[in-house]
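Novice: Can you read through this structure? Questions will come right after.
The values are calculated or read from the model by the stated rules, or taken from the named source; none is laboratory data. In this text, all values refer to a predicted model and were calculated from it rather than measured experimentally. Note that each Cβ is placed from the backbone with ideal geometry, even for glycine, and that neighbours are counted across all protein chains shown. When the accessible area is computed, the model is the full protein with side chains, heavy atoms only, and any ligands, DNA or RNA have been set aside. Shrake-Rupley method; radii C 1.70, N 1.55, O 1.52, S 1.80 Å.
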Amino acid sequence: MTQTNYQLSHTTMAILPVSDEVYRAKILDSEQGEIYVKEKPLTIIENGCLEGGATYTGRRQAMVKQLGFNQKSPIPILPHLNLFAFPTVSPSQFSCIWIFPKHIKSKKAHGKHVQVAFYNNEKLMLPISTYTLIRQVNRTSHCMTRFSPWVDDILVRM
């Protein structure tokens, strides 16, 4: 499927870069499957942040200040909708893949790479180590704990 743009949602699993004359990103969506769009992956993330009332730069600066994540920072795109993602490498690199960790069911090491399986049974080979994947998932968990509004509700009740 192709679209001119894509709005991030709870069904977004990953955003991958595409080297094509027309399309710049491939989105893996748990309901819509593969979607090719003309926007670059980082532009999609930036637009998602704006939907949530903040800039990508502002969200990233919050990660640096509040959690000390200077590189490959997870991003609270739409925290009120529990929509968080992390980059596999620096977002400035073309090869950066954005992963939405709530969709990850399992992981399996393949040498210097790791394969993730999503809850819809789709699989994606990532050009990162298992260690990097686990570290990024853990960092995103910290981000979710800090920025999810439902966490505050739970803490207030305790």
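Novice: Can we say Ala117 is farther than 17 Å from Thr140 by Cα, surrounded by 15 or more Cβ atoms within 10 Å (Cβ to Cβ) and of a type in the set (A, V, I, L, M)? Break it down into steps so the answer makes sense when it comes.
Specialist: Values: farther than 17 Å from Thr140 by Cα: yes; surrounded by 15 or more Cβ atoms within 10 Å (Cβ to Cβ): yes; of a type in the set (A, V, I, L, M): yes.
Answer is yes for this residue.
Novice: Can you tell me which of Lys38, Lys65 is open to solvent by 70 Å² or more (accessible area, probe 1.4 Å) and more than 27 Å from Tyr131 (Cα to Cα)? Working first, answer last.
Specialist: Working: Lys65 fails: more than 27 Å from Tyr131 (Cα to Cα).
When all the criteria are applied, what remains is Lys38.
Novice: Another one. Tally up the residues in the range 97-121 that are out of contact with any helix residue (DSSP H, G or I) (no Cβ under 8 Å at 6 or more places or on another chain) and either of a type in the set (S, T, N, Q) or within 23 Å of Leu81 (Cα to Cα) (or both), please. Spell out how you get there, then give the answer.
Specialist: Of the range 97-121, the ones out of contact with any helix residue (DSSP H, G or I) (no Cβ under 8 Å at 6 or more places or on another chain) are 100, 102-103, 105-106, 108, 110-113, 115, 117, 121.
Within this subset, residues satisfying the condition of being either of a type in the set (S, T, N, Q) or within 23 Å of Leu81 (Cα to Cα) (or both) are 100, 102-103, 105-106, 115, 117, 121.
The qualifying residues number 8.
Novice: Of the residues Tyr36, Tyr6, which is over 16 Å from Ser148 (Cα atoms), assigned to a strand (DSSP E or B) and of a type in the set (Ser, Thr, Tyr)?
Specialist: Within the list Tyr36, Tyr6, the selection yields Tyr36.
Novice: So which residues in the range 9-33 are polar (S, T, N, Q) and not in a loop (DSSP other than H, G, I, E, B)? Walk me through how you get there before you give the answer.
Specialist: Within the range 9-33, the first condition is being polar (S, T, N, Q), and the residues that meet it are 9, 11-12, 19, 30, 32.
Answer for the range 9-33, where residues must be polar (S, T, N, Q) and not in a loop (DSSP other than H, G, I, E, B): just Thr12.
Novice: Which condition number does Ala14 fail, the rest of (1) touching a residue at least 60 places away in the same chain (Cβ under 8 Å); (2) touching a helix residue (DSSP H, G or I) at 6+ places or on another chain (Cβ under 6 Å); (3) not hydroxyl-bearing (Ser, Thr, Tyr) being met?
Specialist: Ala14 satisfies all of (1) touching a residue at least 60 places away in the same chain (Cβ under 8 Å); (2) touching a helix residue (DSSP H, G or I) at 6+ places or on another chain (Cβ under 6 Å); (3) not hydroxyl-bearing (Ser, Thr, Tyr) except (2).
Novice: Here's something else I'd like to know. Those residues that are under 13 Å from the mean Cα position of the chain (by Cα) and more than 22 Å from Arg139 (Cβ to Cβ), I need them from the range 27-41; list them, please. Write out each step before concluding.
Specialist: Pass one, the range 27-41, residues under 13 Å from the mean Cα position of the chain (by Cα): 27-29, 41.
If the condition is that a residue be under 13 Å from the mean Cα position of the chain (by Cα) and more than 22 Å from Arg139 (Cβ to Cβ), then Ile27, Asp29 are the ones that fit.
Novice: Scan the range 42-77 for residues that are farther than 17 Å from Ser141 by Cβ and touching a Leu at 6+ places or on another chain (Cβ under 7 Å) and report the count. Steps first, please.
Specialist: We begin by selecting, within the range 42-77, every residue farther than 17 Å from Ser141 by Cβ; these are 42-58, 60-61, 64-65, 70-71.
When the remaining residues are screened for being touching a Leu at 6+ places or on another chain (Cβ under 7 Å), the result is 44, 48, 51-52.
Result for the range 42-77: 4.
Novice: Could you tell me which numbered condition Ala25 fails, if it satisfies all but one of (1) touching a helix residue (DSSP H, G or I) at 6+ places or on another chain (Cβ under 7 Å); (2) among the hydrophobic types (A, V, I, L, M, F, W, C); (3) open to solvent by 50 Å² or more (accessible area, probe 1.4 Å); (4) within 16 Å of Asn5 (Cα to Cα)?
Specialist: The failed condition is (3).
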